[in-house]
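Novice: One structure coming up, written as structure tokens, with questions to follow.
The values are calculated or read from the model by the stated rules, or taken from the named source; none is laboratory data. These numbers come from a predicted model, not from an experiment. For neighbour counting, all protein chains shown are included, and Cβ atoms are generated from backbone atoms with ideal geometry for every residue, glycine included.
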Amino acid sequence: MGQKINPLSFRLGINKLHHSSWFARPQSYTAILQEDKKIRDYIFTNLLRASISRIQINRQFNQVELQLHTSRPGVIIGRSGTGIDSLKRNVKNLLSKQSQLKINIIDVTNPDIDAVLLACFISQQLESRTTFKRAVRQAIQRAQKSDIPGIKIQVSGRLNGAEIARTEWIREGRVPLQTLKADLDYATSSAYTSFGVVGVKVWIFKG
């Protein structure tokens, strides 16, 4: 019987990379791992409007480098760089005193084929009371403009306010989940509607 598994972790070391890159002594490993989680939680919570799809954390000695992949870099940078300065100060408070922080902002050139941003788009549509079929179709049409081989979107919960929760999915093209060399992007998101939480999952096959 087939078992569900995260498509990204399944392909680590084949065509996907870890979101954190560093080595640590056994006694400090836990503290650094918790530091990474605090940084990610802070950024995703306080920069909701920045459309951040990925946070890459690289560490070397006392140097900490954050790579923020976003489709709206201007929101992070702010007017005259005030936004990025404020972000640096707040993130530095989460790090150990010896750490030196560097933040690089990387522009996501095509947000329509980024699974994280597409899942967030669907969640926003559902929260604004758009019907789930329309929200999913809009997302698929946006992605198909970039000539991707395939996309699959799944939503689950009390769809359109139905009494009984159910799961619906739509697939266009090919989405080979079991082919390890396939370049798959995957993301999940939650839409908090007046009828309860609706889960969103997006798979994008890029070739």
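Novice: For region 23-77, give me each residue that is out of contact with any Ser or Thr (no Cβ under 6 Å at 6 or more places or on another chain) and in a strand (DSSP E or B).
Specialist: Correct list: Ser53, Arg54, Ile55, Gln56, Arg59, Gln60, Gln63, Glu65, Leu66, Gln67, Leu68.
Novice: Among residues belonging to region 131-153 that are at pLDDT below 95 and basic (Lys, Arg), point out the one that is surrounded by the most Cβ atoms within 10 Å (Cβ to Cβ).
Specialist: Top of the filtered list is Arg142.
Novice: Output the number of residues of region 87-115 satisfying the condition of being within 28 Å of Tyr29 (Cα to Cα) and assigned to a helix (DSSP H, G or I). Let's see the steps before the verdict.
Specialist: Within region 87-115, the first condition is being within 28 Å of Tyr29 (Cα to Cα), and the residues that meet it are 87-106.
Among the residues that remain, those that are also assigned to a helix (DSSP H, G or I) are: 87-92.
Going through region 87-115 one residue at a time, the tally reaches 6.
Novice: Considering Ile32, Ile122, Ile113, Ile105, which residue is buried (at least 16 other Cβ atoms within 10 Å of the Cβ), on the phi < 0 side of the Ramachandran plot and touching a Leu at 6+ places or on another chain (Cβ under 9 Å)?
Specialist: It is Ile105.
Novice: Of the numbered conditions (1) under 23 Å from Ser189 (Cβ atoms); (2) not assigned by TED's automatic domain parsing to the domain that holds Thr193, Ala139 satisfies every one except a single condition; which is it?
Specialist: (2)
Novice: Further question on the same structure: Six or more apart or on different chains, Cβ under 6 Å: which pairs go from a residue in region 147-166 that's of a type in the set (Lys, Arg) to one that's part of a loop (DSSP other than H, G, I, E, B)? Could you list them?
Specialist: Matching pairs, first to second residue: Lys152/Val175; Arg158/Ala165; Arg158/Phe195.
Novice: Report every pair of residues separated by at least 6 positions or lying on different chains whose Cβ atoms are under 8 Å apart, first residue within region 37-48 and within 17 Å of Ser96 (Cβ to Cβ), second assigned to a helix (DSSP H, G or I) and at pLDDT 90 or above.
Specialist: Ile39/Val91; Tyr42/Asn90; Tyr42/Val91
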